[in-house]
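Remarks on the structure that follows.
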Amino acid sequence: MNATRLNIRDSISQCSRKAFSLIELMSVIALVSIMLSMSAPTLFSMLSGRSVSLGLNTVASMTAQARQTALSGGQPVALVISTADAANPNSTQGIILLAAVGQDGSGTMQWKAKCIWNRLPRNVLVEAFERSGGSSFFNNASTSAGGPLTGTLPVQMDNRPVESYVYIVFYPDGTVSSPTAGPAITIRQRGRQTAQPDFTLVVQSDSGRSKVIAN
């Protein structure tokens, strides 16, 4: 009987030593909370930086594809970036390639999609670079500036017409049509309050090749 009581007391003592006390448990919870609050901004910054890099890769690959498609297909190809609701944090932009397929009876150039819309990450903002002479990309109302693509695009995005966009046109001889020499676009984290974008992609007007500048 005494041996049984001794074994029970030993078991209770061992369980007490193994279990967390209430104070210890609260201390662990508080420590974890502090660590999470300290790491959250860093984690958000890392994820945002990754999104900007993904956005840059999308823009750069589509730009290279536009040039190559024009060279190999023997037809003008427009690199088009949607800009509607670009300032809205819940919106996403898209990039698409349109190829010129000839003029209609009125002499207006007709365009046909060469791919589907490539969507940019939600927290990434792409904008046409502004030079001293104005925007370095044509927009949807650039008729007076010689822009070959105007009005509503021939392809919808999210089942809605696209009427706000910027673009440049690559030609089979390697040249690029744009309002200014050296058209460029900036890529930045959406909503970030800074004067400098994260990256700037510049296209050479005489060759269509592009380079990325990290700011």
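The values are calculated or read from the model by the stated rules, or taken from the named source; none is laboratory data. Model, not experiment: these values are computed from the prediction. Virtual Cβ from ideal backbone geometry, glycine too; neighbours counted across all protein chains shown.
Applying a threshold of 6 Å to beta carbon distances and a minimum spacing of six or more residues, or different chains, the list of pairs starting in segment 149-166 at a residue that is over 11 Å from ALA84 (Cβ atoms) and of a type outside the set (A, V, I, L, M, F, W, C) and ending at one that is modelled with pLDDT of 90 or more and not in a loop (DSSP other than H, G, I, E, B) reads PRO154/TRP111. Being at pLDDT below 70, under 16 Å from the mean Cα position of the chain (by Cα) and surrounded by 10 or more Cβ atoms within 10 Å (Cβ to Cβ) holds for only one residue in SER48, SER39, SER27, SER61, and it is SER48.
Could you tell me how many of the residues in segment 100-122 are touching a strand residue (DSSP E or B) at 6+ places or on another chain (Cβ under 9 Å) and in contact (Cβ under 8 Å) with a residue 12 or more places away in the chain? Even if it seems obvious, please write down each step before you answer.
Let us first name the residues in segment 100-122 that are touching a strand residue (DSSP E or B) at 6+ places or on another chain (Cβ under 9 Å), namely 100-104, 109-120.
When the remaining residues are screened for being in contact (Cβ under 8 Å) with a residue 12 or more places away in the chain, the result is 100-101, 109-120.
Selection size over segment 100-122: 14.
Of all the residues in segment 162-213, those that are in a strand (DSSP E or B), more than 16 Å from GLN65 (Cβ to Cβ) and polar (S, T, N, Q) number 4. Could you tell me whether segment 64-73 includes any residue that is surrounded by 11 or more Cβ atoms within 10 Å (Cβ to Cβ), at pLDDT 80 or above and assigned to a loop (DSSP other than H, G, I, E, B)? No: zero hits.
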